[in-house]
Protein chains: 2
Amino acid sequence: MALSEFVEQVLERSIRLHHPGYFGHQVGPPLPAAALLDALAAFLNNGLAVYEMAPAGAAMEWSLLQWMADKLGLPDTSQGLFTSGGSLGNLTALLAARSAFRSRYPQLPASDARLLVSDQAHYSVLRAAQVMGLAADQVVSLPTGADYRLTAETLQVTIEKEKAAGKLPFVLVANACSTATGSFDPLAALAAVCRQHGLWFHVDAAHGAPFCLSPRLKSRLDGIEFADSVVWDAHKMMMVPSLLTAVLFREGRHAWSSFASEASYLFRERAEREWFNLGHRTLECTKGMMAMKLFGVLSLYGEEVLIEHLEGRVQQAQAFAQQLRSDSEFELALEPQANIVCFRHRPPAGRDWNQHQRDLRRRLIEEGRFFLVQTDLGDRTYLRCCFMNPRSEASDWMALLERLRLLGNLQHPFF
Amino acid sequence: MALSEFVEQVLERSIRLHHPGYFGHQVGPPLPAAALLDALAAFLNNGLAVYEMAPAGAAMEWSLLQWMADKLGLPDTSQGLFTSGGSLGNLTALLAARSAFRSRYPQLPASDARLLVSDQAHYSVLRAAQVMGLAADQVVSLPTGADYRLTAETLQVTIEKEKAAGKLPFVLVANACSTATGSFDPLAALAAVCRQHGLWFHVDAAHGAPFCLSPRLKSRLDGIEFADSVVWDAHKMMMVPSLLTAVLFREGRHAWSSFASEASYLFRERAEREWFNLGHRTLECTKGMMAMKLFGVLSLYGEEVLIEHLEGRVQQAQAFAQQLRSDSEFELALEPQANIVCFRHRPPAGRDWNQHQRDLRRRLIEEGRFFLVQTDLGDRTYLRCCFMNPRSEASDWMALLERLRLLGNLQHPFF
């Protein structure tokens, strides 16, 4: 088989994220140059675990991480690492939080530690807790309000309740923004409570972290500068392909603690000073030149293209929400803070609301012109559009709504 | 900056794995077509967590994993997944082993469980144990013999000793082959002992698994067909770029158990039947079309090119070892079983043997014509050549030896 034939067959059977009808999952259509740089990284195959194998790769990773920490307002002591995706990023940050907790309370039974997490947390946080061997009762889910945001009051009450029961919360995981609705937790207020009670403050900003680049959007992240750790996916809103996740630590030494062993059976003492041997700080041993695509995009196009992209997508989401609000056949779940919009189509009388959304989505996807997703908020199923695609215009999402209206009002249901 | 200029600058500052003087770390020079397929995967950015986002990607992943399981001689019930690197692969397999252990001994204190591991294990195994929250005394290191291979006797004795102390070994991690020396553990004999005592038998075959493709080399893996789980890195010996690691499970249901929660706060019950939604089975949520490069190489070139590559590299390693054995200035650490050769240069009288190897390597790398690595075996430091590169010929490693001879015998040491 020829390469061109193989490529053609793959293209025919793959999802086209660059298609203007794509409003789907939170990975976006990458810039062609960024995809080409992945081929360069692949061809060079320089492994990032040791500096001697990837001098350019290590330098690009290091300088990019410093740029990111700086943009978030983290102090000069900050350091970080890139890892293969947000799930691994959250795990890495939580391992550092556990390590800090153990150092502080060496005598406390491990089973008394509590991980506090928004009920809107990404599933990778619960998965990380499970990987780490935490029992189910060690993960405390905090209820969010009607806007799917945590409150400082809930956090305060939960901490006091746990302490009264003889348990010790050691980390809070906040969202910036949440996966399902794109809601930003009030980070500054949460940070204050965490500091008061000595909790590690982790912000899962996989989606929202790059909002810090935009003067118009950065206020949504107010307080992230107080985080002990932050996860930032470049592959969501920065037009580079997956995977590229930054894990940033307020105190640089924690960038090593995730995988530094209390038992010292693993690492040499000098690890902390060897910033250039990145294997000390990532779960991956072999790790490609993953930072190069973002370093390249910034070198080729500058920050402006990223800011324009971010602001453009949020504006589209707001315009879409405005349209939904003015249309009696649709129902908006909440005002979008990011580029994610959850909504429902009002079904014809007699149909189940939740099943109607699911059927509608399935039918729409099968037609092949549009891609959108669904999410459950409480006991309600919503349709969900992520505005990830610079090639989508107002006419595209207007056409999407008209198609949903038409399908949703068919006399005969589609199943 | 133009893309071409950026690429040029990166090339100038990167390590050239395709250079015939490269005998370095265990990642190899990828085929150009495989690197191009990474660009296609990057551009498409189809996420493998849910089938609807990556129909071609999911199908390629699934069929490739079945092909691999079949080649290893695993039963028809086998299933697997691809993950971002061998470290994550070992973690995934050990999580499944822990899950199986917990199901079997729900009443046993977690702290009584023991993980048995060769003293030649890759550091990612110890790191995985640490991530999982195992204490240092829960990881039992088994001594290997003079050839750096485990023996069934040592395993038997260790299990009995642990049981006598009231502990319960639940998993053995064997090497096929070990990272430092390329030694293959006697898998069939170890499997028998594991079965007798009810241990999960995990084989870290990150480097050696593809040897099963070659009729000449596959006997080194005898017994791998009895493994409960196997880790297989395609990016080491299969001419595809990093990362691409298969984790294969003897019993398909275990492919889900790593991340299925005992507390059921995470996954729906139907997960096991949803083979096509790969997010149930990998730590990654967003995961790219990582299998495509290997699927593509097999479609374009067939298995033969991979077999030729593997056999060629092992033959080169054997010829290199033969040369070292016949040269009184060099000392071979052990007969190579794979394509990895450890050796030393005899220093001029009065110099420290270990420091001499380290200095020699540093000087050689600084010259820029050759790349090789070093490793410590017990208290001895060795030079180490990995034959990963089809572009290296006999004249290249002969030139390497002559350069080592010349530098190693300089009147003035190089530091």
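The values are calculated or read from the model by the stated rules, or taken from the named source; none is laboratory data. It should be emphasised that the depicted structure is a prediction, and the values quoted were computed from it without experimental measurement. Cβ sites come from the backbone with ideal geometry, for glycine too, and all protein chains shown count toward neighbours. Side chains included, ligands, DNA and RNA excluded: accessible areas come from the protein's heavy atoms. Shrake-Rupley method; radii C 1.70, N 1.55, O 1.52, S 1.80 Å.
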Original post:
Between residue B:76 and residue B:59, how many nm apart are label points set 7 Å from Cα along the C-beta direction?
Top reply: 2.3
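When a/c reaches 1.5 or more, the comparison of a/b and b/c decides; with that in mind, is segment B:1-91 rounded, prolate or oblate per its Cα gyration tensor? Display every interim value, and only then the final one.
Values: a/c = 2.72, a/b = 1.53, b/c = 1.78.
Oblate shape, in that a/c is at least 1.5 and b/c is the bigger or equal ratio.
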Subject >> Area of residue A:251 that stays accessible when all protein chains are in place (1.4 Å probe, Å², to 10) >> reply: 70
**OP:** Count charges around residue B:319 for me, please; just the other residues with Cβ under 14 Å from its Cβ, Lys/Arg as +1, Asp/Glu as -1.
**Re:** -3
**OP:** For residue B:107, place a label point 7 Å out from Cα along the Cα→Cβ vector, do the same in each other copy, and report the separations in nm, one decimal, smallest first.
**Re:** 3.3
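Can you work out the FRET efficiency for the pair residue A:123 and residue A:353, with r the C-beta to C-beta distance and R0 = 22 Å, to the nearest 0.05? Present the calculation step by step, with values, prior to reporting the outcome.
Working: r = 24 Å, r/R0 = 1.11.
Taking R0 as 22 Å, the efficiency between residue A:123 and residue A:353 is 0.35.
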Original post:
With labels modelled as points extended 7 Å from the Cα through the Cβ direction, what inter-label distance (nm, one decimal) is found for residue B:394 paired with residue B:326?
Top reply: 0.9
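Quick one: how many lysine pairs does chain B have with C-alpha atoms less than 30 Å apart and a gap of 8 or more or different chains? Give me the count, please. Don't skip to the answer; put the middle values down first.
On the way: B:71/B:218; B:71/B:236; B:71/B:287; B:71/B:293; B:218/B:236; B:218/B:293; B:236/B:287; B:236/B:293.
Number of lysine pairs found: 8.
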Original post:
Does segment A:219-262 come out rounded, prolate or oblate, given a ≥ b ≥ c as the square roots of the eigenvalues of its C-alpha gyration tensor, rounded meaning a/c under 1.5 and, failing that, prolate meaning a/b above b/c?
Top reply: oblate
Original post:
Label residue B:406 and residue B:111 with points 7 Å out from Cα along Cα→Cβ: what is the distance between them in nm?
Top reply: 6.1
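Efficiency by 1/(1 + (r/R0)^6): what FRET value for residue B:315 and residue A:305, r their Cβ-Cβ distance, R0 = 60 Å, to the nearest 0.05?
Working: r = 51 Å, r/R0 = 0.84.
FRET efficiency, residue B:315 to residue A:305: 0.75.
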Subject >> Nm distances between copies for residue B:75, ranked from closest, using label points 7 Å along Cα→Cβ >> reply: 5.8
Subject >> Separation of alpha-carbon centers, segment B:166-238 and segment A:172-188, rounded to whole Å >> reply: 44
**OP:** Between copies, how far apart are the residue A:368 label points? List them in nm, one decimal, shortest first, with each point 7 Å from Cα toward Cβ, please?
**Re:** 5.4
Original post:
Give me the log10 of I(q) over I(0) for segment B:19-165 at q = 0.10, 0.14 Å⁻¹, as the Debye formula computes it from C-alpha points; what are the numbers?
Top reply: -0.56, -0.99
Subject >> Separation between Cα centres of segment A:316-371 and segment A:85-142, rounded to whole Å >> reply: 35
**OP:** With springs only between Cα atoms under 10 Å apart, run a GNM on chain A and tell me which of A:163, A:293, A:218 wobbles the most.
**Re:** A:163
Original post:
residue A:412 accessible area, nearest 10 Å², 1.4 Å probe?
Top reply: 150
**OP:** For helix B:152-164, report the angle its Cα long axis makes with the longest principal axis of the Cα atoms of chain B; keep it between 0 and 90° and round to the nearest 10°.
**Re:** 50
Original post:
Percent antiparallel among DSSP beta bridges with both residues in the protein assembly as shown, to the nearest 5?
Top reply: 55
**OP:** Quick one: work out the % antiparallel among DSSP beta bridges in chain B, nearest 5.
**Re:** 55
Original post:
Which shape class, rounded, prolate or oblate, goes with segment A:34-301 when its Cα gyration tensor gives a ≥ b ≥ c as root eigenvalues, a/c under 1.5 marks rounded, and past that a/b bigger than b/c marks prolate?
Top reply: oblate
Original post:
Local charge sum around residue B:219 (other residues, Cβ-Cβ under 15 Å, Lys/Arg +1, Asp/Glu -1)?
Top reply: +1
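Rounded to the nearest 0.05, what FRET efficiency is calculated for residue A:253 and residue A:140 with R0 set to 35 Å and r the Cβ-Cβ distance?
Efficiency at R0 = 35 Å is approximately 0.80.
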Subject >> Column: log10 I(q)/I(0), Debye, Cα scatterers of the protein assembly as shown, q = 0.04, 0.05, 0.09 Å⁻¹ >> reply: -0.17, -0.26, -0.88
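Which value at 222 nm does chain B reach when only helices count, each DSSP H run of 4 or more adding -39,500 (n - 2.57), with the total divided by all residues and rounded to the nearest 500 deg cm²/dmol?
Numbers: 13 runs with 164 residues, N = 415.
Rounded to the nearest 500, it is -12500 deg cm²/dmol.
Using only atoms on other chains, find how many Cβ atoms lie within 10 Å of each Cβ of peptide B:109-116 and report the average.
On the way: counts 0, 4, 1, 0, 0, 0, 0, 0.
That works out to 1 on average.
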